[in-house]
Structure formats: structure tokens, C-alpha cells
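The next block holds one structure in the form of C-alpha cells; read it before the comments.
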Amino acid sequence: MARVAVITAPNIGYRNTGMLTVDLAFETMRRRMGGGIEADWYTLHAPETVALRPGARGTAFPFRFRSLIDEVDGLREHDAVVFWGDFLHARHYLAQDATNRLLDFGFAADRAAARALLNRTLLLADQPDELLSRTVSYGGTILHNTQSDYDDKEYGPLFTRLMTRSRRVWVRDPLSAAKLAQLRGDRATDHFGSDAALLNRPGDLGHLPVTPWSRDLPEGGAIGVFLGARTKIPDWLPGFCQGLAERFDAPLEWVPWFDRDVPPQAEHIARRPGDPTVGDLIGVLPRYRLVITDTYHLAVNAWGAGTPVVCVGAPEPVPTTDDDYLTLSDVKKHVFHMAYDAADFYLTTVPDSPEGHERRADRIVRLVEGGGAAAVAARIREHADHSARSFTETLTALLS
């Protein structure tokens, strides 16, 4: 039995449904590869650091996280190390989200201590080259890395060492892939992998428990809506959503992707009674006519389920302080849609004329009803399946 250490971003309280789908995708891949792999799961701080969200309580997820902080040297005992998803190696993530969480939960006394700890755990600063040769990364992103990041005397050399000496690295967007190809001096290898969540094919997560919440949709389907979590809702957007509902003759329905209050602009949208599980939220996606959201991984999972997505994003401001978390930037949503020729479905919050919004709505309806949306979904699925084969072939060879 081969032992694989899987390192993921911390998902406090399992609050982030999208991050759960990323983690569940590795278990999907492990099952698909047969019974010869034992996975040990590591993260900086376990989900149980805080109370679990209601929709995740009582679910027997196929992982139990160990402390990467306490057990980083134990990685050497594994046949392979897999960094799985997210911004784990981006400098802004290490300096912002990761550092602040370590300080918030008392894992580090100050920012310098947090940085040293992150260098050891996520950049493998103290690990030998031999371990890096048994390390792969899948589904990460360095979309926002810049030259000033590489000029950082700590981050630059450690990041470069990890990226160039790892066995193989797949990143989830083509811009990161271009950066990585240049860094590794290897333009012949395909570094563009899919988002890890897309490695779940429709039905792969059907083992998760569900409730009556997700069993019945209105006759003719519904349009799932989740807005206000990542992007400020512009005044015109509720009317635009209602216009789409009328065009599709399908009601709007709130999808509680995160456990949070419904914003005032969406209080008129119907909400189903009951408390959905994670299985409910994932299982309902293929049955929607359309999903409208500002949240990256809801868009990714809906497209992966074959459901068209209208993704809402704001123009990208220039970050001015370390409090401007680049992990929450709208750029990743735009790049994802551009990568798959899906920009027709990306809706900017920049004001437009009523006539402009009418034209955009008409185009979306034509694409959904005329097969264009299905072509986008097929393109995304084909790339995910191709990337999955590449990953499994590499990991199998590494373990054999």
C-alpha cells in the first residue's frame, strides 16, 4: 500500500463549500485509481479549530486532517507528497490569509514566526531535494505573483526551488501555467491543469448525505442564485436576474452555498425550507437551468455539473494594503471563463445602459437554448478529464 501525503488549504469549520469539493476530488481520484493508495491528509489548522457549519456536521467525510505544523517532517515517510488546490504557494497567500490565520488562532507569536513556519510547511524549506523529487502540485495558482514577489529574499529562492525541483506541477489557469513553464524552463510540458474541483465528474459525490431540501425542483426547473459573498451587488443586478428568470420562464431560487445571511437585494428570492447539507448543495447543481453567482467555486462546480453559469465580477482594483486579500480577487473568475471561451457568461458590474443589459440577456438565452453553453461545459469537462489522466499517470509512475 503506497502512502501519499495530501496537503490542502485550511477550511475552517468547513465553511467554504467550494474548498470541500476540492478536497473531495482527491478522494475521488484515489478511488478511481484503485485500492493501492493510502492518503494522509495535512493542513495548517484543522476544520475543527472552530465549530463546523451546520450543513457539514455529522457528515463522514473521507478525510481527517493532521497538523502540518506539528508533523511536517513526517512527510518524508510517504511515497509521495501532493499539494492539492488553492493559492498554497502564492506569496500573497502566505503573507496575508495564511499568516493572519496563524496569528488569529495562536499558532505563531508574530508575523516573523508565522513566515518561518509557512516557509517550513508550504515551501518545504527544510526538506531535502529527494523529498521534492517525490512531490507534485495540482490545481494551485500563482495568478497574482509578480516580480516584486520573486525579489523577496526569502520567498523567491524557496518558491523557485519548490517549483523547479518538484516532480510535476499543474496549475489551474493558463496564465499561471505560462509563468510556470518559463520558471521551469520547460515549455514542452502542459502545466495547465483544471481546477481540482472539476476532477469530480457528475455523480462522483453522490455518496454524500442529502435531505428533502434538494429532492424536488419547481416544474420546468429553477435558476439558482448566490450573490453578495464576493462582489458588491450593483443596483441593476436584481432586475437583470429577474429578467433572465422571465426569459427562461423559471423562478429564481437562493442557493445557500455559504452559511451566511441573505443580502437585502436578494431577500425577494425564494428560499427552500430546511437546512441543506453539503451533499444537497452539490447534488442540486446539475438540475438547475442556470446558476447566477459571484463565487468562484460555485461557478466552477456548476459548470462541471453541466449547468450554465452567469458569473458576476467587478473590475479589478489595484491592491493598496496587505488587507486586500488577492485570494478573493475577481480576476480568478474572469480568467477561468476566458480560459474556456466562456466570457459571454461573465457579467461585469460596470454600469451599462438598459439596452446593453437587454442585449447581454438575449445573448445568454441564445447560448443556453442554442447549444453554446453546452459547448462550453463540454470544453471544461474535456480538459478536466485530460488533466485527470495526466495526474493519475504521473502519480502512478511516481508510486510504482
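Per this entry, E38 is not counted among residues that are modelled with pLDDT of 95 or more, surrounded by 18 or more Cβ atoms within 10 Å (Cβ to Cβ) and out of contact with any helix residue (DSSP H, G or I) (no Cβ under 8 Å at 6 or more places or on another chain).
Just for helices (runs of 4 or more DSSP H) wholly inside the stretch 122-189: which have at least 2 residues that are under 20 Å from A98 (Cβ atoms) and open to solvent by 10 Å² or more (accessible area, probe 1.4 Å)? Write out each step before concluding.
Working: elements: 129-132, 147-150, 155-165, 174-184.
Those helices (runs of 4 or more DSSP H) span 147-150, 155-165.
Here is the figure for the stretch 286-295: residues that are outside any loop (DSSP other than H, G, I, E, B) and surrounded by 24 or more Cβ atoms within 10 Å (Cβ to Cβ) total 4.
Taking the listed residues A250, A197, A245, the one that is of a type outside the set (S, T, N, Q) and without any contact (Cβ under 8 Å) to a residue 24 or more places away in the chain is A245, with no other qualifying.
When you go through P251, P218, P238, P276 one by one, which is the residue that is touching a Ser or Thr at 6+ places or on another chain (Cβ under 8 Å) and either crowded, with 20+ Cβ neighbours inside 10 Å or not charged (D, E, K, R) (or both)? First the steps, then the outcome.
Working: P251 fails: touching a Ser or Thr at 6+ places or on another chain (Cβ under 8 Å); P218 fails: touching a Ser or Thr at 6+ places or on another chain (Cβ under 8 Å); P238 fails: touching a Ser or Thr at 6+ places or on another chain (Cβ under 8 Å).
After applying the criteria, what remains is P276.
Just one of the listed residues (E382, E358, E369) is under 30 Å from D79 (Cα atoms), open to solvent by 70 Å² or more (accessible area, probe 1.4 Å) and in a helix (DSSP H, G or I), and it is E382. For the stretch 38-82, a residue qualifies if it is in contact (Cβ under 8 Å) with a residue 60 or more places away in the chain, closer than 25 Å to E130 by Cβ and of a type in the set (A, V, I, L, M, F, W, C), and the qualifying residues are L44, L68, L75, A80, V81, V82. Regarding T59, is this residue assigned to a helix (DSSP H, G or I), open to solvent by less than 40 Å² (accessible area, probe 1.4 Å) and more than 19 Å from V169 (Cα to Cα)? No; evaluated as a whole, the condition is false for this residue. For D259, the conditions (1) in contact with a strand residue (DSSP E or B) (Cβ under 9 Å, 6 or more places away or on another chain); (2) open to solvent by 20 Å² or more (accessible area, probe 1.4 Å); (3) of a type in the set (D, E) are fulfilled apart from (1).
The condition of being of a type outside the set (S, T, Y), open to solvent by 10 Å² or more (accessible area, probe 1.4 Å) and touching a strand residue (DSSP E or B) at 6+ places or on another chain (Cβ under 6 Å) holds for only one of V22, V6, that being V22.
Annotation note: of M19, M29, the sole residue that is in contact with a His (Cβ under 9 Å, 6 or more places away or on another chain), in a helix (DSSP H, G or I) and under 27 Å from D173 (Cα atoms) is M19.
The values are calculated or read from the model by the stated rules, or taken from the named source; none is laboratory data. Note that the coordinates shown come from a computational prediction; the quantities given were computed from them, not determined experimentally. Cβ sites come from the backbone with ideal geometry, for glycine too, and all protein chains shown count toward neighbours. Note: accessible area is taken over every heavy atom of the protein model, side chains too, but ligands, DNA and RNA are not part of it. Shrake-Rupley method; radii C 1.70, N 1.55, O 1.52, S 1.80 Å.
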